[in-house]
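The values are calculated or read from the model by the stated rules, or taken from the named source; none is laboratory data. The structure presented is a predicted model; accordingly, all values stated were derived computationally and were not measured. Because the Cβ atoms are built from the backbone with ideal geometry, glycine has one as well, and the counts that use them run over all protein chains shown. With ligands, DNA and RNA removed, areas are computed over all heavy atoms of the protein, side chains included. Shrake-Rupley method; radii C 1.70, N 1.55, O 1.52, S 1.80 Å.
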Protein chains: 2
Amino acid sequence: MAPKLGIVAGAGTLPAKLVEKCREIGRPYFVLAIEGEAEAATVADAPHAWIRLGAAGTGIKLLKEQGVVELVMAGALKRPSLSSLRPDWRAAKLYAKVGLRALGDDGLLSAVIKELESEGFTLVGVDSVLTDAVAIEGRYGRHKPDAQAEVDIAHGFRVVEALGSLDIGQGAVVQQGVVLGVEAIEGTDALIRRCGEWRREGPGGVLVKAKKPEQERRADLPTIGPRTVELAHQAGLRGIAIEAGGSLVIDREQVTALADKLGLFVIGCRKPA
Amino acid sequence: MAPKLGIVAGAGTLPAKLVEKCREIGRPYFVLAIEGEAEAATVADAPHAWIRLGAAGTGIKLLKEQGVVELVMAGALKRPSLSSLRPDWRAAKLYAKVGLRALGDDGLLSAVIKELESEGFTLVGVDSVLTDAVAIEGRYGRHKPDAQAEVDIAHGFRVVEALGSLDIGQGAVVQQGVVLGVEAIEGTDALIRRCGEWRREGPGGVLVKAKKPEQERRADLPTIGPRTVELAHQAGLRGIAIEAGGSLVIDREQVTALADKLGLFVIGCRKPA
């Protein structure tokens, strides 16, 4: 049987999906829930402990006591301000080593992963546990992009590639050739809502999400779910394009049914080489 | 004396500044105010006409009747949707030629300028009329960036360079190494407000503005004014860095006084080569 899985739980529904999966396949697990990020419902009936993001030493100790060997990090973690972090000695040592001051999210996550591995943990990606959530190549429902949407999707992938190479974000919205909005710290939901306010008449825009070129695959893959489709519809978008193989679709059946019902396309695309 | 200046007026205070300048130096002028964009106060006491953005033929005819030879385009123009544009035959011909469908703002503006020049107009930049508004290199007031702010400014210029090369936008906000937000269609004011909501504790962020690498210099240079300083202060930013020689500071004295009073730095930087 697979070894006990340690789930480091940030925001969103992804950690709950991992818990669900572990139960389904009868795999033992333990949730390390990050205060201010993880949802209480995620851990309610699961073996778990809450820790501050800055309490790396406590977290490592807890995981070892629980006999966790394999670890997965799931869900968004807002990078906190340096002053609010209140690192314990273990975290402080790490931050000093990686030079937190000049790091973006990627750099920080890679450093955290390296450090956890030096403690003897094996880090795995969410996609290796939720294998059926990895975005396929092709359509999720019956709607498909027209010629204008194809142009917007291609431009969106170029934009997200540029954003990603600077560790800025994973998403953008393009309508009729114009970049309506670009995702940074605010996340995809806020991006979509904002672009609803800035949309122009005529054919709606598309949301494009892709992982950053240098992104540590085991941290924070681009993710969409039914809620993303719902928000996209409310904002007048015509569809969503995600990186096939490099992003996650949570609740695939619901996503497909909702997209069909609301008239949106959802499509997985290989990133242009 | 300088020839009559045609002022194509979009949104914001820039067109009014041009009118003010023409009066000050006794230069004749005529304002072509774009409906839905230009402010009524700008043209109230000025010789002017209103036109739809799509009415290129009417606009050209009016300017020629007025004996305008030199033209300046000032203030933001939101690129409208294709369907709302309702181009007259002259505009339609242009759009067909440039392939509007796949164009961003830069491409569109360059095409418009080229077309106007083929009609015999000479296009000049706002900076060649408002010469004293061109951003200097160095500080505008007494406050200056500290070491963290210097790091954030340098990163901000890298981010804006990447955005600009994709014709996305001219601004970004960076705090403690993290890109809080990136400007697309929403403009700088909305960017600043949003970043106020996403700021973290500790030293505040910086707003960085620079023109796009390929930007047509005669169209839409990055601009700040007293209002930008006020909004930046409200959003908890510590300062503003703009591209020296490549952006405009409107009402320099007010900008400086306000920055000094509110404790912000405003600094013009040569873009790193």
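For this structure, a couple of remarks:
- Residue match in the range A:165-175 (condition: open to solvent by less than 10 Å² (accessible area, probe 1.4 Å) and over 20 Å from the mean Cα position of the chain (by Cα)): yes
Quick grid of which residues meet (1) within 14 Å of another protein chain (Cβ to nearest Cβ); (2) within 23 Å of the chain's Cα centre (by Cα); (3) modelled with pLDDT of 80 or more:
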| position | (1), (2), (3) |
| --- | --- |
| B:LEU77 | yes, yes, no |
| B:ARG86 | yes, no, no |
| B:ALA96 | no, no, no |
| B:LEU109 | yes, yes, no |
| B:ILE113 | no, yes, no |
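- Condition broken by A:ASP167, with the remaining ones in (1) within 14 Å of another protein chain (Cβ to nearest Cβ); (2) farther than 29 Å from A:GLY57 by Cα satisfied: (2)
- Members of the range A:1-36 that are in contact with a Lys or Arg (Cβ under 7 Å, 6 or more places away or on another chain) and either assigned to a strand (DSSP E or B) or under 17 Å from A:VAL112 (Cβ atoms) (or both): A:LEU5, A:TYR29, A:PHE30, A:GLU35
Each row is one residue, and each column tells you yes or no for (1) in contact with a Cys (Cβ under 7 Å, 6 or more places away or on another chain); (2) in contact (Cβ under 8 Å) with a residue 60 or more places away in the chain; (3) open to solvent by less than 50 Å² (accessible area, probe 1.4 Å).
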site	(1), (2), (3)
A:GLU20	no, no, no
A:TYR29	yes, no, yes
A:GLU37	no, no, yes
A:ALA46	no, no, yes
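- Of all residues in the range A:219-259, exactly one satisfies the criterion of being within 15 Å of A:ALA74 (Cβ to Cβ) and open to solvent by 60 Å² or more (accessible area, probe 1.4 Å), namely A:ASP220.
- Unique match (being closer than 15 Å to A:GLU183 by Cα and either touching a Leu at 6+ places or on another chain (Cβ under 6 Å) or open to solvent by 10 Å² or more (accessible area, probe 1.4 Å) (or both)) among B:CYS195, B:CYS269: B:CYS195
- For first residues located in the range A:174-195 and more than 8 Å from chain B (Cβ to nearest Cβ), partners that are among the acidic types (Asp, Glu) and buried (at least 24 other Cβ atoms within 10 Å of the Cβ) and lie 6+ apart or on another chain with Cβ distances below 6 Å form the pairs A:VAL174/A:ASP152; A:LEU191/A:GLU183.
- Across the range B:124-139, the qualifying residues are those that are assigned to a helix (DSSP H, G or I) and buried (at least 18 other Cβ atoms within 10 Å of the Cβ), and the one among them that is nearest to the other protein chains (Cβ to nearest Cβ) is B:VAL126.
- Test: residue in the range A:140-156 that is part of a helix (DSSP H, G or I), farther than 16 Å from A:CYS269 by Cα, more than 9 Å from every other protein chain (Cβ to nearest Cβ) and without any contact (Cβ under 8 Å) to a residue 12 or more places away in the chain: no
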